[in-house]
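Down below is the structure, laid out as structure tokens.
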Amino acid sequence: MKNIFANCTFLKSAHIVSQLPDDIGLEIAVAGRSNAGKSTTINALTGNKKMAKISKTPGRTQLLNCFDLGDNRRLVDLPGYGYAKVPVKIKQHWDREIEQYLQKRKSLIGVVVVMDIRHPLKDFDKQFLYWADQSGLFSHVLLNKADKFKSGKQKAVLLQVKKELVNISRTSTVQIFSGLKKEGIEQLSQTLYSWFNDPGVVHLEQQNEEQDGE
């Protein structure tokens, strides 16, 4: 498998959706609470610890940060949600922009939702996954910071999350991950590569299910 993520480069930051690159090609968004470790995840995936800026203060990512993978393929780091101590006006602005991005971005094919394995599936996490399912997008849950638990506890949380996902999304997948220890990178890479390689698979599966139900 070609490692497309090793050649990742920063493309641009956008304050509003209209400032994003042209809506062509294929795009995967990375979402999650402000303290879930999105930047660490992107840095681990790309093998570049300086790719996404990491702050000790949760909520500092307040722009749509775009990364180029070549061949009109991109990663987009969304502003963190649910934790950041930012002014109400900024929160309202990002609520509107993210909603617009998720609903109207035609190149968007999937969402990676990064969660702290100690606090998985918070309300906004579930909203993201449900929306992705209803929109025919891929979605993948990363139970990050797995290094905080021993193997047995990791597996127990993974099993519980899998059970809960059945009632939230028909298409979500989930894995254990540690951006700090660089564990689970190969599985994540393979998952995202498969999305880029066959971006229409989810839509086709849902169409088949709808036809079967008629």
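The values are calculated or read from the model by the stated rules, or taken from the named source; none is laboratory data. What you are looking at is a predicted structure, and each value in this text was computed from that prediction instead of being measured. Reconstructed Cβ throughout: ideal geometry from the backbone, glycine too, with neighbour counts over all protein chains shown.
Would you check if Q206 is at pLDDT below 90 and surrounded by 13 or more Cβ atoms within 10 Å (Cβ to Cβ)? Judged against the criteria, Q206 is a match. Within region 62-115, restricting attention to residues that are over 13 Å from the mean Cα position of the chain (by Cα) and of a type in the set (D, E), the residue that is surrounded by the most Cβ atoms within 10 Å (Cβ to Cβ) is E97.
Against the numbered list (1) out of contact with any Ser or Thr (no Cβ under 6 Å at 6 or more places or on another chain); (2) at pLDDT below 95; (3) not hydroxyl-bearing (S, T, Y), G179 comes up short only at (1).
Using the structure shown, decide if F149 is within 17 Å of the chain's Cα centre (by Cα) and under 30 Å from N48 (Cβ atoms). No, not satisfied.
One residue alone among K126, K53, K85, K91 is at pLDDT below 75, part of a helix (DSSP H, G or I) and charged (D, E, K, R), and that residue is K91. For region 3-50, how many residues are free of Cβ contacts under 8 Å to residues at least 12 places away in the same chain and in a loop (DSSP other than H, G, I, E, B)? Of the residues in that region, 3 qualify. Within region 134-149, the residues that satisfy the criterion of being farther than 11 Å from G110 by Cα and either among the basic types (K, R) or assigned to a loop (DSSP other than H, G, I, E, B) (or both) are K145, K148, F149. So, of the residues in region 56-80 that are part of a strand (DSSP E or B) and aliphatic (A, V, I, L, M), which turns out to be modelled with the lowest pLDDT? Taking the candidates together, the pick is L64.
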